[in-house]
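All of the numbers you see were taken from the coordinates with simple rules; none came from a lab. Nothing here was measured: the structure is a model prediction, and the numbers come from that model. Don't worry about glycine lacking a Cβ; one is built from the backbone with ideal geometry, like all the others, and counts go over all protein chains shown.
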Amino acid sequence: MTPLKKAELFAKTKHGGDLNEIGISYSNHLENVVSRLKSLGVIDEEVLCAAWLQDILEDTDTSFDELFEKFGRRVSTLILSLTKTKLVIDTNDNTTLSLTKKRTVSKKQRQKEYGIKIKESETDAKLIKLCVISANLGTLKTIVISKTKKRRILRELRYYLSIIEKDLTNYTKYPQTITLLETINQNLKIQNQTIMKLKNKSNTGTKKI
């Protein structure tokens, strides 16, 4: 079994039939992300493995040590860059990294810390995040959720895009990245406009009553 197939099966087994925050199964979401990376021309197996495993530390009982043992240092560190949790690095041991969940922080602080982590991550981690944003926008087009929740998710996606956009604009390894960035920005604009129209229509209806 190839490492990529191993990562796919491990992710599907760990996530099972669970749904992510938006309401799509993790398996479908992760498959959408990996598909987008491949469409950009990504063939680096470690990057594709990390895409399959991006939510494994945050949303399952998988430990970092287990991940490190199964998939190695680079895949594991890429996943750390995509994980909203506190990091503890043992500076006295260069052979491994350890992840622990420390004190509970507010969602706002957690998002801020995650943004810093994404900004400081390597370009391949940013590329995975870009495809996550694209996949989530695709899901938001079709799934039925409240306007409040949709606005919040779109706001978060814009925030993360603002962090990675400049670095990826200058990333010449995968030329199609520019096209994806343009598509994402246009999609964000359209979905925000749609929400505003629905909001205005709702407000107008309320005033008439």
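Each residue of the stretch 56-69 was assigned a 3J(HN,Hα) from its phi angle through the Karplus curve 6.51 cos²θ - 1.76 cosθ + 1.60 (θ = phi - 60°); the sequence is 5, 7, 6, 10, 9, 8, 5, 8, 5, 4, 5, 5, 4, 5 Hz, with glycine and proline shown as x. Rounded to the nearest Hz, the phi-derived 3J(HN,Hα) couplings of the stretch 106-119 under the Karplus curve 6.51 cos²θ - 1.76 cosθ + 1.60 (θ = phi - 60°) are 5, 4, 4, 5, 4, 5, 5, 5, 5, x, 5, 5, 5, 4, where x marks glycine and proline. For the residue pairs Lys147/Lys189; Lys12/Lys129; Lys5/Lys119; Lys6/Lys150, alpha carbon separations beyond 22 Å are given by Lys5/Lys119; Lys6/Lys150. Taken about its Cα centre, the stretch 3-204 carries a charge dipole of roughly 1420 debye when the Cβ of each Lys and Arg holds +1 and the Cβ of each Asp and Glu holds -1. Scanning residues 5 or more positions from Gly23 or on other chains, none has an amide H under 5 Å from its amide H, with H placed 1.01 Å from N in the peptide plane. Each residue of the stretch 174-179 was assigned a 3J(HN,Hα) from its phi angle through the Karplus expression (A = 6.51, B = -1.76, C = 1.60, θ = phi - 60°), giving 10, x, 5, 4, 4, 4 Hz with x at Gly and Pro.
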